[in-house]
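Some notes on the structure that comes next.
Just so it is clear, none of the values below were taken in a lab; they were calculated from the coordinates. What you see is a predicted model; the values in this text were computed from it and never measured. Quick reminder, even Gly has a Cβ in these numbers, built from the backbone with ideal geometry, and neighbours come from all protein chains shown.
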Amino acid sequence: MLVSDRRSSLLAFLRAHGSAAVETLASELKVSAMTVRRDIDALTEAGLVERVRGGATIVRGQTRPGPMDAAMHRLRAEKEAIARVAATMVEPGMAVGLSGGSTTWFLARQLLRIPDVTVLTNSLAIADLFEEVDDAAETGTSVVLTGGIRTPGRALVGPVAVRSLSYLHCDISFLSVHGIHEEAGLTTPNILEAETSRAMAASGGRTVVVADHTKWDVVSLTTVLDLEDVDVLVTDRGLPDPAAEVARAHIADVRLA
């Protein structure tokens with residue numbers, strides 16, 4: 001089980017039961033007590049659980065799944081299909097930028113199979129994905145994590161993230177977005193996230209947007225990039241034909257997964 005999946009399962013168990021002993025969690029997740037303790041430490045640092053003697057308890061206000069948890073389960077099949085198509089653009093030895101987001105998280109899972117990839121990300125969830133995963137170690141994958149202010153979706157944003165990205169360079173940058181619109185372009189409700197995603201795009205030789213069809217015609221508070229600034233859009237076959245035609249009028253390469 002991937003570390004992010006395991007920690008999501010641990011959180012779900014604690015949300016359902018309120019608290020649990022390390023031995024109970026180890027039995028439930030079928031891992032060692034040491035692994036559970038490391039997961040508890042990570043989730044405590046993220047402010048999601050509280051370490052107690054012999055186990056952990058859920059932090060008040062965390063009884064419901066967070067925004068990232070919900071996004072992981074929404075249109076999962078479409079996001080996995082998008083991730084598979086996007087991963088074909090990545091070759092061994094590349095440096096790859098991944099913004100925060102559920103679709104880029106699924107893409108990160110695909111990158112575990114590609115050797116000698118350097119992943120640059122502002123997503124704590126994506127960084128967690130590569131932690132303790134044997135495949136990542138065997139393929140020589142390395143992760144560079146920006147600093148910054150943590151959002152509810154566990155992305156690092158703001159001036160520190162932007163500054164660090166200005167010194168780094170990727171072969172290709174993959175962006176998740178909240179909305180795509182012909183006139184408004186790529187949009188997000190978080191101004192700091194928009195600035196950070198722009199810096200992520202600027203660090204890459206090519207900019208690839210990975211977004212399911214429900215993002216089309218959605219406009220959020222602030223624009224990240226105009227459609228003309230996007231090199232490739234990877235979306236799913238749920239995108240209506242008229243929308244696909246509009247996208248191709250602005251983006252040279254539109255791929256339907």
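Some points to look at:
- Spatial separation of Cα centroids for the stretch 71-115 and the stretch 221-257, in angstrom: 17 Å
- Axis angle, to the nearest 10 degrees, between helix 191-202 and the longest C-alpha principal axis of the chain: 70 degrees.
- Max mean-square fluctuation residue, GNM over the chain, Cα-Cα springs under 10 Å, options 121, 44, 222: 44
- By average C-beta atoms within 10 angstrom, highest first, the peptides 103-110, 17-24: 103-110, 17-24
- Fewest-first ranking of 74, 7, using other Cβ atoms within 10 Å as the exposure measure: 74, 7
- Relative contact order of the chain, pairs being alpha-carbon contacts under 8 Å that are 6 or more residues apart, as %: 15 percent
- Modelled FRET efficiency - R0 25 Å, residue 31 with residue 91, Cβ distances, 0.05 increments: 0.15
- Average Cα contact separation per residue, the stretch 3-58, under 8 Å, 6 or more apart, as relative contact order %: 40 percent
- Rounded to the nearest 20 debye, dipole of the chain from Cβ charges on Lys, Arg, Asp, Glu: 920 debye
- Translational diffusion of the chain, µm² s⁻¹ [Kirkwood Rh, Cα pairs; Stokes-Einstein; 25 °C; 0.890 mPa s]: 130 µm²/s
- Fraction of antiparallel bridges per DSSP, the chain only, in percent to nearest 5: 40 percent
- Net length available on complete extension from residue 226 to residue 163 is 20.5 nm, with 0.36 nm assigned per residue and the Cα-Cα distance removed.
- Where labels lie 7 Å past Cα in the beta-carbon direction, separation of residue 19 and residue 150 in nm: 2.2 nm
- For the stretch 148-193, radius of gyration divided by Kirkwood radius, i.e. Rg to Rh on alpha-carbons: 1.00
- Taking packing as the residue-averaged number of other Cβ atoms within 10 angstrom, the listed peptides 75-81, 209-215, 247-253, 184-190 run from highest to lowest as 209-215, 184-190, 75-81, 247-253.
- Spin-label model, residue 249/residue 191: points 7 Å from Cα along the beta carbon direction are separated by 3.2 nm.
- A viscosity of 1.306 mPa s and a temperature of 10 °C, combined with the Kirkwood radius over Cα pairs in Stokes-Einstein, give a translational diffusion coefficient for the stretch 78-161 of 124 µm²/s.
- Report summary: the helix-based calculation at 222 nm, which adds -39500 (n - 2.57) for every DSSP H run with n ≥ 4 and divides by the residues of the chain, gives -12500 deg cm²/dmol.
- On a per residue basis, the convex hull of the C-alpha atoms belonging to the stretch 189-257 measures out at 80 Å³.
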